[in-house]
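I have placed the structure first, in the form of structure tokens, so that the comments after it can refer back to it.
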Amino acid sequence: MGAKKIQDEKEVIRWFAAGWTYKEMSDEYERKYNIEMKPSAWGNFRYRKGLDRRIARDDELIPWAVKKEHRQLYPLAMLRVEGRKRAGLEVPQDKLRRLESWRQMLDEENAVVHYDPDTVDGFFYVPREESDNDIIREPEKKTTERRNAEKRSA
């Protein structure tokens, strides 16, 4: 096993508490310790130490395993922002304005977000149905595949 790269765990925990980005942490480690750290190292540290996630994961809003080619599309970005807002996390003002505009469009069109991974476009706005109780069309089966740090096995 290689040498331990994290020199001062308390320092890194302070950075997490202060809201530093993984890039900021990596840059500071390079500057201060001359150690190159990949962003994934900080995520792994957070996971091992049981620190809170830095992003909101709302499997009720994003219940699908989204294909890589669809992960940067606007509907998914807006669902992520909505998830942050619902979780009570800070949302930058510009993203809040875009979210409000997007939600207004959904209301005016009486539409919800539908995801079909087997299409080029992936995300679609479809007419709201009586069974729709949120801003998405619930799939018959949730297919989210990522590990959930809050539900770690003991």
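The values are calculated or read from the model by the stated rules, or taken from the named source; none is laboratory data. The model shown is predicted, which means the values in this text are computed figures rather than measured ones. Backbone-built Cβ (ideal geometry, glycine too); neighbour counts: all protein chains shown. Heads up: the accessible areas ignore ligands, DNA and RNA and are worked out on the full protein's heavy atoms, side chains in. Shrake-Rupley method; radii C 1.70, N 1.55, O 1.52, S 1.80 Å.
Find the accessible area per residue for the chain; the probe is 1.4 Å, ligands and nucleic acids are left out, and the unit is Å².
70 Å²
Give the long-range amide H neighbours of I136: residues separated by 5 or more places, or on another chain, with amide H under 5 Å away, using H modelled in the peptide plane at 1.01 Å from N.
Residues meeting the criterion, in which the H sits 1.01 Å from N, are V113.
Would you mind working out the magnitude of the charge dipole of the chain relative to its Cα centre, with +1 at each Lys and Arg C-beta and -1 at each Asp and Glu C-beta, to the nearest 20 Debye?
1120 debye
Could you check the spin-label model distance between A65 and I13? Points 7 Å from the Cα along Cα→Cβ, value in nm.
So the label points at A65 and I13 sit 3.6 nm apart.
Using the Karplus curve 6.51 cos²θ - 1.76 cosθ + 1.60 with θ = phi - 60°, work out ³J(HN,Hα) for each residue of segment 94-104 in order, rounded to whole Hz, and write x for Gly and Pro.
Listing the rounded values in order: 5, 6, 4, 5, 5, 4, 4, 5, 5, 4, 4 Hz.
Using a 1.4 Å probe on the protein chains only, how many percent of the accessible area of the chain belongs to carbon and sulfur?
Looking at the chain in its full context, I get 48 percent from C and S.
Separation between the S40 and D121 pseudo-spin-labels, each 7 Å from Cα along Cα→Cβ, expressed in nm?
Each label point is offset 7 Å from its Cα along the Cβ direction, giving 3.4 nm.
Counting only pairs 8 or more places apart or on different chains, how many lysine pairs in the chain have C-alpha atoms closer than 17 Å?
Counting lysine pairs in the chain gives 16.
Give the residue from Q7, T119, Y74 lying farthest towards the positive end of the charge dipole for segment 1-148; charges sit on Cβ (+1 for Lys and Arg, -1 for Asp and Glu) and the dipole is referred to the Cα centre.
The one lying farthest along the dipole's positive direction is Q7.
³J(HN,Hα) across segment 62-76 via Karplus (A = 6.51, B = -1.76, C = 1.60, θ = phi - 60°), whole Hz, x for Gly/Pro?
10, x, 10, 7, 7, 5, 3, 6, 9, 6, 9, 7, 4, x, 5
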